[in-house]
Amino acid sequence: MTELSSYLEDQWRRGEGRGAALYDPATGAELATASTAGLDLAAALDHARRVGGPALRAMSFAERGALLTGLSKALHAKRDELLEISTRNTGTTLKDSKFDIDGATATLAAYGDLGAELGEGTFLLDGEGLQLGRSPRFHGQHVQVPLRGVAVHINAFNFPAWGLAEKLACAFLAGMPVLSKPATGTALPAHRAAELLVESGLLPPGSFSFLCGSVGDLLDHLTPQDVVAFTGSAATARKIRAHPRVVERSVRVNAEADSLNAMVVGPDVEPGSDTWDLFLRELCREIAQKSGQKCTATRRVFLPEALIEPALEGLREGLADYPAGPPTEEGVRMGTLATPSQFPDVQAGMQQLAGVCEVAIGAIPDGDGSGGALVEPVVFVCRDPRGTPLVHELEVFGPATTLMPYSGDALEAGELVALGEGCLVATAYSDDLAFSRELLFELAPWNGRVLLGGKRIAEHSTGPGVVLPQLVHGGPGRAGGGLELGGERGLALYMQTCAVQGARPVLEKLLGSSKKD
Ligand code: NAP
């Protein structure tokens with residue numbers, strides 16, 4: 001049995017005792033164990049602050065970018081092995097495993113390119129300089145400098161490699177050392193990725209730590225210059241925010257939590273049109289890709305009443321293209337849930353939804369999932385979205401979505417989406433500009449990202465489920481209130497904005513050379 005180690009103070013270290021088990025969710029076979037008991041996490045954080053921070057801060061953006069490019073290549077060189085591990089430990093088909101592994105290398109590479117663009121500086125100028133008094137002499141300039149602590153990354157089980165890479169890319173480029181902790185149940189791909197990063201020989205000493213297993217007393221040792229970037233459930237996000245050390249030291253916390261993402265179909269969209277077909281194609285993908293275990297998956301769909309039956313018809317046909325089964329079996333396009341323990345959670349959530357909605361497609365899974373955490377897609381219909389709070393509150397983290405009617409009015413659609421109290425993404429399908437405009441500004445305050453789907457992008461859209469490094473990821477309220485990625489915006493989490501005041505020539509001399517043109 002493989003016992004997974006943690007990489008702390010530039011050494012691989014094994015925790016005491018047996019620790020938690022990791023499984024193949026398709027067979028239930030135990031794959032490995034991971035323990036963090038007895039590891040000195042205070043010393044690990046201290047080492048990262050003392051050794052890793054100065055090493056990264058001494059590098060220019062271009063050098064940090066080159067480091068990220070090198071790390072991306074190191075992972076890509078072992079792509080096949082990572083894909084196999086991903087399928088074995090997370091139950092995903094080859095195509096869905098690529099989503100995690102290639103997403104990781106692509107995000108590292110994108111931030112590598114950004115580093116090259118930012119050039120030889122080591123800090124960022126934030127906006128233009130400002131005249132502060134009557135005389136142009138008294139001048140102000142905002143700058144962003146890397147924080148002096150550790151970027152503590154706590155990731156969810158559904159994207160073990162991408163979660164590690166997307167957070168690390170922003171922190172490294174900003175100039176902060178990283179301690180990355182994957183969700184224990186699916187830690188194998190992240191563990192192998194961590195080994196590859198270390199083996200690459202590219203990492204500056206102290207810049208990277210990897211905690212494999214329970215979080216232990218890690219948060220007890222945080223300082224005001226540290227940052228916690230968390231992805232996972234809203235319940236754990238609350239615990240981290242309320243942690244006494246985090247509260248006492250005002251530790252910066254970014255949370256990406258669960259969310260009930262939505263699609264709205266405009267009244268102008270006719271069944272059979274390009275926009276309709278795009279909607280159905282993207283909704284099927286959102287339900288089936290990674291068995292619906294994406295934070296960005298669409299959980300709620302609002303359509304004019306008359307479009308509900310045609311949508312169900314289209315979904316029956318479209319979902320037939322995603323035969324479910326063990327991920328390595330011939331012809332299977334939808335694998336299992338990521339961990340055996342997800343099965344009872346998804347089953348219970350579907351049962352709760354079935355208590356208030358019609359089950360229109362599929363069936364709630366029976367049994368206990370011990371023969372494989374396999375769940376077929378289930379589509380619910382809720383005829384009274386305003387009178388059914390549960391459909392806006394309960395995120396079933398599996399292949400499930402709920403169709404609901406609305407009048408065709410953009411304002412009403414916006415109000416219904418807002419009942420989810422904050423989402424990562426919403427998609428509006430319409431070719432009517434006036435409707436799209438009204439809906440966009442209803443959706444924007446409640447969503448981190450809005451995709452305007454229509455015939456003009458039918459051939460180009462990557463769908464709402466794909467998080468791109470150029471665009472921000474995160475959403476208000478229920479979605480955690482966080483912000484990651486978005487190109488240069490993603491660096492802000494790891495930097496302090498400082499307003500510098502002084503004589504204009506002095507400021508220009510000291511700061512002027514930061515960001516390269
Ligand atoms: P989770 O149970 O909240 O766990 C997430 C991470 O937090 C894991 O690494 C976990 O470690 C750790 N953790 C657990 N208790 C902790 C504590 N008291 N203090 C600090 N860390 C703690 O969530 P999950 O079940 O892995 O993820 C599923 C949820 O994540 C879904 O609801 C999904 O919507 C959401 N999600 C959101 C995004 C996004 O970007 N917004 C992306 C993916 C998933 P252990 O595994 O060792 O317990």
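Here is how the numbers come out for the structure above:
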read-out	value
Efficiency of FRET between Ala234 and Glu81 - r from beta-carbon atoms, R0 35 angstrom, step 0.05	0.55
Value in Å of the Kirkwood radius, where the range 423-517 supplies the Cα pairs that are averaged	16.3 Å
Separation in nanometres of the label points that stand 7 Å from Cα toward Cβ, at Arg241 and Glu393	1.8 nm
Whole-number Å³ per residue for the convex hull built on Cα positions in the range 261-472	118 Å³
Rg/Rh for the chain, where both radii come from Cα atoms and Rh is the Kirkwood radius	0.99
Separation in nanometres of the label points that stand 7 Å from Cα toward Cβ, at Ser60 and Ser370	6.3 nm
Area projected by the alpha carbon convex hull of the range 12-52, averaged over all directions, nm²	3.9 nm²
Three-way shape label, the range 196-268, alpha-carbon gyration tensor, a/c 1.5	oblate
D_trans [Stokes-Einstein, Kirkwood Rh over alpha-carbon pairs] for the range 1-140, 20 °C, 1.002 mPa s, µm² s⁻¹	113 µm²/s
Helical segments meeting 27 Å axial Cα length and Kyte-Doolittle -1.0 threshold in the chain (DSSP H)	94-118
DSSP bridge pairs, the range 261-472: antiparallel proportion in percent, nearest 5	10 percent
Cut-off under 5 Å, modelled amide H: who pairs with Val227 long-range	Val150, Ala151, Val152
Flagged links, alpha-carbon separation over 20 Å, of Lys98/Lys290; Lys95/Lys181; Lys239/Lys294	Lys95/Lys181; Lys239/Lys294
Exposure proxy ranking, count of Cβ atoms within 10 Å, fewest first, for Thr90, Thr36	Thr36, Thr90
Highest to lowest packing among 338-350, 293-305, scored as the average C-beta count within 10 Å	293-305, 338-350
Global form of the range 320-394, assessed from the alpha-carbon gyration tensor, a/c cut-off 1.5	prolate
Local net charge near Gln347, Cβ-Cβ under 14 Å (Lys/Arg +1, Asp/Glu -1)	-4
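Bear in mind these aren't lab numbers, they're just calculated from the coordinates by the rules spelled out. Only a predicted model underlies this, so the values are computations on that prediction, with no experimental measurement involved. All Cβ positions, even for glycine, are placed from backbone atoms using ideal geometry, and neighbour counts span all protein chains on display.
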